[in-house]
Structure formats: structure tokens, C-alpha cells
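The values are calculated or read from the model by the stated rules, or taken from the named source; none is laboratory data. None of these values were measured; they are calculated from a predicted model. No Cβ is skipped: glycine too gets one built from the backbone with ideal geometry, and neighbour counts run over all protein chains shown.
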Amino acid sequence: MPLPEQVFAPYQITAPLGAGGMGEFFRARDTRLNRDVAVKVLPKDFVADANRLRRFEQEAKTLATLNHPNILTIYDAGLHEGAPYLVSELLEGKTLRDETNGGALPNSFDGSQRMQQGYQSKDCAGNNEISLHNRCVRF
């Protein structure tokens, strides 16, 4: 796992954001464009798992093809010391899990229509994995 202040390609890791089944997430500074970004890294332990590696690569390709105001933008992808990574815009705020306290979305939830539009865009592109703890969808 990269450590804060570690330089990761042109990205300087500044803080951990979290971890999930498909990667570890970090806040980083893009030293070329002087902006904050999110970096998702597939841990080295997972690189040997052909299924996880395939899913990680498919996620990168799918997200890179999307252009929707409710889905984050992918800026970069590559390998660092044998571990694949994605770089995206950094979305600030709560996760869907935080917003719903881990429960169902209320009918009056402000972002439900925008989330549905974003989900449909991802679904049409062949990737239907939006989880409660990520920030891929804007509200």
C-alpha cells in the first residue's frame, strides 16, 4: 500500500481514502497539472488473481469510455511497480453508504434520479458494479 507523501508515478500520495474488494484508494496530488486526484491501486496480492486483474482492467476501460455528468472522469491508468492503477477526478463528500446509513434509498433522496442516470450509463457500457462505498456517482 502506498504511504502518504510517496511519489507514485507523477502522483504524490497524500492520504488514504479507503479500501474495497477491487482496490485501495488514495488522495494524491497530480504534480504535472497541480491538482488533487483519486488513485485506485490493485494491491500486488491481487495481481496474481487473473479474475481480479481482468475486472480491474475492464473497469478502467469501461469508465474511460463514459462521458456523463453523474460519473467521475478517468484521467490516467498504468502500472507502478507491477501494480495496476487508475487515476480519476477526486470527488469530495459522502459515500452512498454514508448518505443512506447503509440502508435503502428513501423515495425523496435528491440524488436518486441522477444516480439512476449514471448507473444506466455504466450498465449500458457493460459494467453494473456501483457499490455503496465508492464515489463513482455524483449527486
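Assorted remarks:
- Close pairs (8 angstrom Cβ cut-off, 6 or more residues apart or separate chains): exposed (fewer than 10 other Cβ atoms within 10 Å of the Cβ) in the stretch 86-113, at pLDDT below 70 anywhere: Gly93/Arg135; Gly93/Phe139
- Among the residues of the stretch 20-51, those identified as aliphatic (A, V, I, L, M), within 17 Å of Ala83 (Cα to Cα) and touching a residue at least 12 places away in the same chain (Cβ under 8 Å) are Met22, Ala28, Ala38, Val39, Val41, Leu42, Val47.
- Here the stretch 51-70 is the region considered, the condition is being of a type in the set (A, V, I, L, M) and under 10 Å from the mean Cα position of the chain (by Cα), and the residue that is surrounded by the most Cβ atoms within 10 Å (Cβ to Cβ) is Ala60.
- In the stretch 13-25 there is no residue that is in contact with a helix residue (DSSP H, G or I) (Cβ under 6 Å, 6 or more places away or on another chain), of a type in the set (Phe, Trp, Tyr), closer than 18 Å to Ala77 by Cβ and outside any loop (DSSP other than H, G, I, E, B).
- When the stretch 66-77 is filtered for residues that are modelled with pLDDT of 90 or more and either farther than 20 Å from Glu92 by Cβ or out of contact with any helix residue (DSSP H, G or I) (no Cβ under 7 Å at 6 or more places or on another chain) (or both), the ones remaining, listed by number, are Thr73, Tyr75, Asp76, Ala77.
- Tallying residues that are among the aromatic types (Phe, Trp, Tyr) and modelled with pLDDT of 90 or more within the stretch 1-55 yields 3.
- Residue count for the stretch 13-48, restricted to those that are surrounded by 13 or more Cβ atoms within 10 Å (Cβ to Cβ) and more than 17 Å from the chain's Cα centre (by Cα): 1.
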